[in-house]
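First the structure, in the form of structure tokens, and then the observations on it.
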């Protein structure tokens, strides 16, 4: 008798169910972190308060509640709601009493609030009880500055100016100029005689093409610090943007008297003379710039446009980029079921079991090869989740422990503007490389966004990360590719959120 063959029922693989946003406290927690990363403080506060409401009086996860209260304290501080910031810090103290972080945070809040004697007391206590941590945080220098303020030798707002200036350097790296303008105005209000606030305001106005306001801000910065070379240069640059080359020339010449090899000043001074029909002077300045750096592209391009030089030569590819070009075909040859995504000159080839390659026909330097899969594929439900993803990137870049990080990189593409690239590396706790081109606008949803992280950064959501995240948004379909190497479950849930 012939044996009947059993037909095997084919079971379609089910995609993982998205988390229940209304009942999962991880969702408001991560949303709060993302909002903090993008400095949307009120939104972050609402999310963290929602987390506390959802967890109620649950004492099973005190570490989670401690971190949320600590984040709430930081959000209130940035809004200058100092009493609420201190109250949230008191909640942190309730869960983990007597830690150096709490004493340091309390000192910072009190110093920003102008409550100088109380701030000194907090920093003094930190120095006595935890001398090693105090040395790492350079608390002795802080106390010295606060005592000068207390004795009337420095303005009361000096501490807040320095505190905000440190943040502005991070905002400048990410080119978040709307945040820079907000903080610059706070710095000016704290101490109008310090040049940093006026200068930062000028930079923010230049980036938003509000040149008359920028000129006024730079003039105020010059009144506070007449010898600052970057202020001198930006005064000349802004005069050119307004259409006053004759006013730009003295400022740019002052810049060159301080630094005769300042290539941007030589270039802009040449433009000023060219606009005044003094072509020989312009050519002389540009030739001088090429003697300093023969590969200075702006001058090469300008001379070529004027018929005074050859077409700018593309500098040779760096060795690591050449290696990537050699590796690309090898990685693609190992892909069993590759998927190809295109966006203009960009071509992304992925294989969930292996890795991905990124090629750019318009820029041979924009190339990536990764062969460390497998990947887990997930999808975003809402457009707002894209903003959360980018906000979390910013939070990681700000709060990252550099001593525990090998490499972090972010790359974004927009449909209606030039490509943006951001890249920062760390080695032995020190930043070893940085590159930014274009503008990272977290409030706008890009059509093509890639995030890559190779790190052993520890997070409170899972195991140390040892892998890569890759986000891809093509046309109207959104999606996330997440490396499964070393991630805990909560991170994977967030990727599917």
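Observations on the structure shown:
- When the range 39-64 is filtered for residues that are at pLDDT below 85 and buried (at least 18 other Cβ atoms within 10 Å of the Cβ), only 64 remains.
- Enumerated helices (runs of 4 or more DSSP H) restricted to the range 80-163, each holding at least 3 residues that are closer than 20 Å to residue 194 by Cβ and modelled with pLDDT of 95 or more: 100-112, 139-150
The values are calculated or read from the model by the stated rules, or taken from the named source; none is laboratory data. Quick caveat, the model's predicted, so the values are computed rather than measured. Using ideal geometry, Cβ is built from the backbone for each residue, glycine included, and neighbour counts are taken over all protein chains shown.
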